[in-house]
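Data block below; observations after.
The values are calculated or read from the model by the stated rules, or taken from the named source; none is laboratory data. For clarity, every value in this text was computed on a predicted model and none was experimentally measured. Note: ideal-geometry Cβ built from the backbone for every residue, glycine included; neighbour counts use all protein chains shown. Heads up: the accessible areas ignore ligands, DNA and RNA and are worked out on the full protein's heavy atoms, side chains in. Shrake-Rupley method; radii C 1.70, N 1.55, O 1.52, S 1.80 Å.
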There are 2 protein chains.
Amino acid sequence: MSVTDELLANAERYAAEHDKGDLPLPPAKGVAVLACMDARLNPYGLLGLSEGDAHVIRNAGGVVTADERRSLAISQRLLGTTEIILIHHTDCGMLTFTDDGFRQQIQEETGVKPDWAAEAFDDLDTDVRQSIARIKADRFIPHTDQVRGFVYDVKTGRLREVLP
Amino acid sequence: MSVTDELLANAERYAAEHDKGDLPLPPAKGVAVLACMDARLNPYGLLGLSEGDAHVIRNAGGVVTADERRSLAISQRLLGTTEIILIHHTDCGMLTFTDDGFRQQIQEETGVKPDWAAEAFDDLDTDVRQSIARIKADRFIPHTDQVRGFVYDVKTGRLREVLP
């Protein structure tokens, strides 16, 4: 049995207990969370989110690339969110390699160098500020006055705000 | 008080109850979930995921663009995941507009047309299959034999597999 099959059994139980009624499409709290995909970072537990509350956007590093700007533009323009919460975290995999090294390794294995930046970084706070700057520089995201960035500590479970 | 401040108070409570020990960086279950950012779709509740279990990647629609391929390449190459679970859902916002219309609307408001596809779609199953095809076509994602796609029903809480 694959892990996927094991998780599907959990999904059966979730459906049996499902009692969310008819939740509306727009997020109830008007907020979009953009966080790293890291397995130890659970935005639902951390922020106390329930079904219907918030858009949750995630990728390797919690960085802001074209696709996150697309998602944020859709979130704000079509579904009414106005606040953005960015979350990076300690012990992040993105701190363990460099773009040059990773792309070189892929080139050696596959014969082709990826045409994307891996978006590795070497300082958490600096990259959170960089993510905020990328959002504020995007003219397609209308609401950028409530963008705040944080670092989650995977050992203590604590969230620390990154100040400008 | 902003919604962000309200959620930060929840984060304080989470930290106080935090007892995850020293979870390792690689996901325990070796799986990456790629799902829509929709507020009603909670991958933790649905799949029974706990902190440390799985990478979770999310965006508007749960679609596969360059940034999701970047995240999946990092997930598999650096952090050992080998299975991928794709999740779209009923009543998705991406079914309510067209790329042309959305990009035109932004052009009218800002004077500039976005240089990205909005990735709207008009059929859930077709787009799940499209996402699987994009992953299998990517030469930088090494493990593509365990990629399965699903549609989550936001009314019943049930997960339905999209067969090839």
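More than 7 Å from chain B (Cβ to nearest Cβ) and touching a Phe, Trp or Tyr at 6+ places or on another chain (Cβ under 7 Å) - does that describe any residue in segment A:36-45?
Scanning segment A:36-45, I find at least one residue that is more than 7 Å from chain B (Cβ to nearest Cβ) and touching a Phe, Trp or Tyr at 6+ places or on another chain (Cβ under 7 Å), so the answer is yes.
Does A:G62 satisfy the condition of being in contact (Cβ under 8 Å) with a residue 60 or more places away in the chain, closer than 29 Å to B:A118 by Cβ and not basic (K, R)?
yes
With respect to B:R148, is the statement that it is at the interface with chain A (Cβ under 8 Å from one of its Cβ atoms) and free of Cβ contacts under 8 Å to residues at least 40 places away in the same chain true?
No; evaluated as a whole, the condition is false for this residue.
Under the condition of being more than 7 Å from every other protein chain (Cβ to nearest Cβ) and in a loop (DSSP other than H, G, I, E, B), which residue from segment A:1-19 is surrounded by the fewest Cβ atoms within 10 Å (Cβ to Cβ)?
Filtering segment A:1-19 for residues that are more than 7 Å from every other protein chain (Cβ to nearest Cβ) and in a loop (DSSP other than H, G, I, E, B), the one surrounded by the fewest Cβ atoms within 10 Å (Cβ to Cβ) comes out as A:D19.
Considering segment A:47-66 alone, what residues qualify as being open to solvent by 10 Å² or more (accessible area, probe 1.4 Å) and farther than 23 Å from B:V154 by Cβ?
A:T65, A:A66
Here's a check for you: in segment A:69-125, which residue that is assigned to a helix (DSSP H, G or I) and acidic (D, E) is nearest to B:E109 (Cα to Cα)? Before you say what the answer is, go through the steps one by one.
The initial filter retains those residues of segment A:69-125 that are assigned to a helix (DSSP H, G or I), namely A:69-79, A:93-95, A:99-110, A:124-125.
So of that shortlist, the ones also acidic (D, E) come out as A:99-100, A:108-109, A:125.
Numbers: A:D99: 36, A:D100: 39, A:E108: 46, A:E109: 46, A:D125: 33 Å.
Checking each candidate, the answer is A:D125.
Out of curiosity, is A:T82 open to solvent by 10 Å² or more (accessible area, probe 1.4 Å), closer than 25 Å to A:W116 by Cα and modelled with pLDDT of 95 or more?
No.
Given the structure, is B:A32 more than 7 Å from chain A (Cβ to nearest Cβ), buried (at least 20 other Cβ atoms within 10 Å of the Cβ), farther than 20 Å from B:R148 by Cβ and aliphatic (A, V, I, L, M)?
no
Yes or no, residue by residue, for (1) at positive phi; (2) of a type outside the set (A, V, I, L, M, F, W, C); (3) touching a Phe, Trp or Tyr at 6+ places or on another chain (Cβ under 8 Å); (4) open to solvent by less than 20 Å² (accessible area, probe 1.4 Å):
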position	(1), (2), (3), (4)
B:D99	no, yes, no, no
B:F102	no, no, no, yes
B:D125	no, yes, no, no
B:A137	no, no, no, no
B:V147	no, no, no, yes
B:V151	no, no, no, yes
